[in-house]
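The values are calculated or read from the model by the stated rules, or taken from the named source; none is laboratory data. Computed from a predicted model, the values in this text were never measured in an experiment. Please note: Cβ atoms are built from the backbone with ideal geometry, for glycine as well, and neighbour counts cover all protein chains shown. Remember, those area values only see protein heavy atoms, side chains included, never the ligands or the DNA or RNA. Shrake-Rupley method; radii C 1.70, N 1.55, O 1.52, S 1.80 Å.
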Amino acid sequence: DQQVKQNSPSLSVQEGRISILNCDYTNSMFDYFLWYKKYPAEGPTFLISISSIKDKNEDGRFTVFLNKSAKHLSLHIVPSQPGDSAVYFCAAREAGNMLTFGGGTRLMVKP
Amino acid sequence: DSGVTQTPKHLITATGQRVTLRCSPRSGDLSVYWYQQSLDQGLQFLIQYYNGEERAKGNILERFSAQQFPDLHSELNLSSLELGDSALYFCASSSRDLGGYTFGSGTRLTVV
């Protein structure tokens, strides 16, 4: 039973446009959500996070939105750059600082 | 450099063999987590250790085991290897008070 799902395995966007990556979860006990970015041959690196008590968090070109009633979060990248091409994982935290990861979305930003 | 060190970076071995993957967590982090990523799939949680003790177990096979030593480094032991065990194995560490993990660069295991 996948508690965190990223239903789009891949996304292609033109440079300069907005990238929107989506994530759905089922566990109401998750209290913190994170996005990680992964380049080939590297480990995932932390990108941005949001607490369950907020609905938006912004950091430069990256914004994460949380809709608790829909159990849905999204990552917006504006404007998208070729260097943003990577696999993005959403993750959700529950008690004990345990993170559950989604399956990842491969973002390709075309010049 | 994330501060989490994993060795070796690459490992090629035959079916039926046993290997040990090593992880040194970021300085000050007490928790170590092991994840498996197979063929562009998601990160599957294997096991967590906190300050030397097993804290949580995920979808870890009985052929796999892990431990965390007094100096906080951790080892993941994979035995009776099968072709399907070929994957990237990531270690991550965290401080108890932080919400995220810091990942190592992974060990790519190829079973032939």
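Taking only the Cα atoms of chain A, the radius of gyration and Dmax are 13.3, 42 Å.
In the context of the full set of protein chains, segment B:1-107 has a per residue accessible area of 48 Å² (1.4 Å probe).
Relative contact order (percent) for chain B, with alpha-carbon contacts under 8 angstrom and 6 or more residues of separation? If you can, show how the numbers build up before the last one.
On the way: 289 pairs, mean separation 42.1, N = 112.
The normalised contact order for chain B reaches 38 percent.
Close lysine pairs were tallied over the protein assembly as shown: pairs 8 or more places apart or on different chains with Cα atoms under 19 Å apart number 12.
Each principal axis of segment B:23-109 carries a Cα extent, and these read 37, 23, 18 Å when sorted largest first.
Summarising the amide proton neighbourhood of A:Ile48: residues at separation of 5 or more, or on other chains, whose placed amide H is nearer than 5 Å comprise A:Trp35. Burial here means at least 50 square angstrom less accessible surface with every protein chain in place than with the chain by itself, probed at 1.4 Å; in segment B:12-51 the buried residues are B:Leu43.
Chain B packed on chain A takes about 1400 Å² of accessible surface away from a 1.4 Å probe, both sides summed.
Could you compute the FRET efficiency for A:Ser74 and B:Glu54, with r as their C-beta to C-beta distance and R0 at 25 Å, rounded to 0.05? Could the numbers behind the result be given before it?
Values: r = 35 Å, r/R0 = 1.40.
With R0 = 25 Å, the Cβ-Cβ based efficiency is 0.10.
Take the solvent-accessible surface of the protein heavy atoms, probe 1.4 Å, and return the percent of it on the protein assembly as shown that carbon and sulfur atoms account for.
Roughly 48 percent, rounded to a whole number.
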